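Asks: Below are the structure tokens for one structure; questions will follow.
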Amino acid sequence: MITLRNITLQYGERYLFRDATATIGAKDRIGLVGANGAGKTTLLKLIAGVEAYDSGGIDKANYVSIGYLPQDGIAAHGKTLFDEVHTAFSNVIDLQQKIEQANNRLNELDTATEEYAETLELLGEMELQLEDLDVARIPSRIESILLGLGFQSSDMQRMTDEFSGGWQMRIALAKLLLAQPSLLLLDEPTNHLDVESQAWLEDFLRHYHGSLLMVSHDRAFLDSLITRTFEVYQGALTVYTGNYSKYEVQSVERRAQLEKAYAKQQRELAKTQQFIDRFRAKATKAKQVQSRIKALEKVERIEIEQEADQVAFSFPEPPRSGQNVIEVKNLRKCYGDLEVIHSANIRIERGDRIAVLGVNGAGKTTLAKILAGVEPFQEGERIVGGNTSISYFAQHQADELDPELDIFETIERVAEVGNNTSLRTILGSFLFQGDDVFKKVKVLSGGERNRVALAKMLVQPANFLILDEPTNHLDIRSQDVLRGALDKFPGTFLIVSHNRDFLDSIVTKVLEVRKDGLSLHPGNVSDYLARLEARRSDLAGDPKANPPKKQTPDPKTSNASSMNPKEQRRLRAQQQAKLKPLTDKLKKVEKEISDLESQQSEYENLMADPDFYKDPQKSQEVLSAYDANKSKIETAYEEWSDLSDQIAAAE
């Protein structure tokens with residue numbers, strides 16, 4: 001469908017791309033990965049035609065349409081939300097013209113060629129799209145997409161000028177999804193979405209008729225959607241088969257094979273050079289020497305890519321807090337007439353690892369600010385526990401750094417203790433070394449500014465971390481390092497984030513923020529979403545589910561107060577007898593999960609060994625066992641979630 005031919009793009013002495021070659025076929029699902037600054041966004045812009053390359057070419061048929069969603073910077077004005085999104089259907093005429101072009105092309109092609117088969121498949125997809133664009137169904141399709149992306153029915157007639165930057169990007173995404181281009185180019189599409197909207201988008205893209213090429217730093221989102229991976233690294237574009245997790249394994253294997261081939265080639269080159277040096281002066285060997293010199297010049301040298309630098313740090317050992325870290329009671333927060341938080345109650349205890357979830361606008365960031373003590377509130381109490389020390393990372397903290405200060409000054413000004421050497425050590429762990437520490441904040445990239453903001457947290461040891469979207473601008477490798485540091489952190493933390501993969505392995509509770517209050521759920525984000533989906537399925541399956549109930553008293557509870565102590569003990573014993581089989585089964589499942597995760601850790605340790613791939617048969621057996629074990633863990637967690645719900649209902 002689309003072919004990249006030897007694309008080269010150079011900025012000064014640096015090659016962003018050198019002879020990059022790849023193909024994008026019909027229905028491809030491709031993840032574009034690489035470190036911050038490697039050129040992922042630029043590649044999307046090249047394919048979209050909004051940026052030029054130096055040499056090479058991008059080939060595509062006229063009937064192939066491309067839709068591009070940048071990370072930010074799009075704003076709509078002057079129309080209602082509904083009317084703005086309705087402009088996406090101006091492509092109906094274009095689609096009819098493309099179908100005509102594809103039909104004409106089919107008449108010219110040999111039926112046995114691959115291009116004929118691809119064109120035929122595209123033609124079928126376009127005809128399906130045209131059928132889907134039935135004018136009578138357009139209003140309902142617009143509303144369906146907008147509701148899926150988190151808008152309300154009451155928003156349809158609001159002017160687009162009223163929506164903030166994140167919602168503007170949702171408007172642009174809605175138009176793109178409704179336009180249904182042959183290829184969707186998405187640059188961090190989940191950045192401005194809450195967890196529920198992400199889940200909706202994931203499902204939509206899974207069933208999308210066209211092709212998809214996207215940049216995302218959410219591993220779970222990538223793993224669930226993509227079947228191919230394009231890696232951008234040091235000017236090279238390397239193509240892998242499989243999702244992100246498989247790419248990680250394959251890239252390790254590829255590097256090991258490359259290093260082996262490089263070592264072998266170096267030995268052969270050294271032998272040839274030794275022969276040339278030894279016999280260069282001998283007339284009897286002149287012909288052989290010249291032959292080997294020419295052969296040496298023609299050898300295509302294997303190049304070993306330099307390992308990408310990674311952030312490496314751990315949080316300092318914090319002082320031990322009391323059991324109750326912080327608590328809010330009957331909290332109420334308003335901005336003018338807008339009530340953001342209503343009668344909220346929550347107690348956070350030592351060792352809690354909490355993910356904060358909720359739809360955009362529910363008050364997640366506001367709650368984080370109140371807990372951190374940087375935002376006032378109208379009613380209620382905020383009670384900080386004994387010996388609690390708080391460190392707060394704001395969502396836009398990286399943007400709030402003083403642009404005129406250099407990196408070292410930024411850290412030095414907030415450091416309570418430490419000398420120049422210790423501060424340089426901290427900055428070095430965030431890849432700021434040598435004279436880099438004297439760079440002005442204003443010249444740093446988004447990822448670099450975020451690393452500076454995170455480094456600020458390390459100079460003041462705290463036992464309660466409040467992090468609001470800490471993974472913004474961090475690539476997946478840097479996210480892994482941050483996650484590892486949090487996993488080893490002995491204190492308490494609360495994280496506002498929509499990055500499910502980042503959260504799942506480190507949080508043990510989910511704090512749901514709603515307009516009407518807060519609720520705390522056991523388990524990680526996947527557990528929470530599974531329960532949410534199960535609840536929706538139950539409601540969808542039974543339209544009469546959860547009807548309004550008459551306020552008739554429950555004889556079991558209404559009579560409890562009139563029971564004598566002996567009867568109350570008997571009632572409690574009966575309830576415990578009913579719960580025991582469930583709690584016993586829950587303990588058994590928890591033991592099973594613990595055993596499976598221990599086994600998974602053993603597999604991961606084996607896979608981390610550089611010699612792991614030297615025995616292909618053994619490594620394949622371990623990889624197969626690892627995948628099978630992963631499925632068992634997912635099944636066990638589902639069972640654990642169901643049992644937890646049953647126990648909660650019984651109680």
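Values in this text are rule-based calculations from the coordinates and carry no lab data. These figures come from a predicted structure and were not determined experimentally. Cβ placement follows ideal geometry from the backbone for every residue including glycine, while neighbour counts extend to all protein chains displayed.
Asks: Kindly provide the helix-only [θ] at 222 nm of the chain, computed as the sum of -39,500 (n - 2.57) over DSSP H runs of four or more divided by all residues, to the nearest 500 deg cm²/dmol?
Replies: -15000 deg cm²/dmol
Asks: Compute log10 of I(q)/I(0) for the stretch 2-242 with the Debye formula, placing one identical point scatterer on every Cα and leaving out solvent, at q = 0.07, 0.09, 0.14, 0.15 Å⁻¹, to two decimals.
Replies: Log10 I(q)/I(0), no solvent term: -0.25, -0.41, -0.98, -1.11.
Asks: Multiply the residue gap between SER154 and LEU579 by 0.36 nm, knock off their C-alpha separation, and tell me the result in nm, one decimal place.
Replies: 148.5 nm
Asks: So, with +1 on the Cβ of K and R and -1 on the Cβ of D and E, and no other charges, what is the size of the charge dipole of the chain about its Cα centre, to the nearest 20 debye?
Replies: 1700
Asks: Using the crude model of +1 on Lys and Arg Cβ and -1 on Asp and Glu Cβ, and no other charge, please compute the dipole size for the stretch 249-298 relative to its Cα centre, in debye to 20.
Replies: Using Cβ point charges on Lys, Arg, Asp and Glu, the stretch 249-298 gives about 300 debye.
Asks: What distance in nm separates the simple spin-label points at ASP402 and GLN265, each placed 7 Å from Cα in the Cβ direction?
Replies: In this crude spin-label approximation the distance works out to 5.1 nm.
Asks: What is the distance in Å between the Cα centres of the stretch 103-134 and the stretch 38-71?
Replies: 23
Asks: Name the lysines eligible as straight-distance cross-link partners of LYS264: C-alpha to C-alpha under 23 Å, and not fewer than 8 places from it in the same chain.
Replies: LYS294, LYS298, LYS614
Asks: By how many nm would the segment from ALA117 to PHE279 lengthen if fully extended, with 0.36 nm per residue of separation less the alpha-carbon distance?
Replies: 52.4 nm
Asks: Another question, then. Rounded to the nearest 20 Debye, what is the dipole magnitude of the stretch 166-245 about its Cα centre when Lys and Arg each give +1 and Asp and Glu each give -1 at the C-beta?
Replies: With Lys and Arg at +1 and Asp and Glu at -1, about 240 debye.
Asks: Right, here's the next one. Counting pairs of alpha carbon atoms under 8 Å apart in space and at least six apart in sequence, what relative contact order in percent does the stretch 457-511 give?
Replies: Here the relative contact order equals 46 percent.
Asks: Distance cut-off 22 Å, Cα to Cα: go down the list LYS175/LYS364; LYS588/LYS630; LYS364/LYS442; LYS260/LYS618 and report the pairs above it.
Replies: LYS175/LYS364; LYS364/LYS442, as the Cα separations exceed 22 Å there.
Asks: Further question on the same structure: Give a quick list of trypsin sites (Lys or Arg not before Pro) in the stretch 288-377 that DSSP marks as loop, anything other than H, G, I, E or B, with at most 11 other Cβ atoms within 10 Å.
Replies: ARG301, ARG320
Asks: Roughly how tilted is helix 616-650, in degrees to the nearest 10 and between 0 and 90, from the longest Cα axis of the chain?
Replies: 20
Asks: Continuing with the same structure: In the P(r) worked out for the chain, what percent of Cα pairs fall beyond 45 Å?
Replies: Value for the chain (Cα pairs over 45 Å): 31 percent.
Asks: Please report the antiparallel percentage of the DSSP beta bridges confined to the chain, to the nearest 5.
Replies: 55
Asks: Within a 10 angstrom radius of the beta carbon, how do ILE341, ILE426, ILE383 rank from fewest other beta carbons to most?
Replies: Ascending Cβ contact count within 10 Å gives the list ILE383, ILE426, ILE341.
Asks: Any idea what angle helix 165-179 forms with the longest principal axis of the chain, computed on alpha-carbon atoms, 0 to 90 degrees, nearest 10?
Replies: 70
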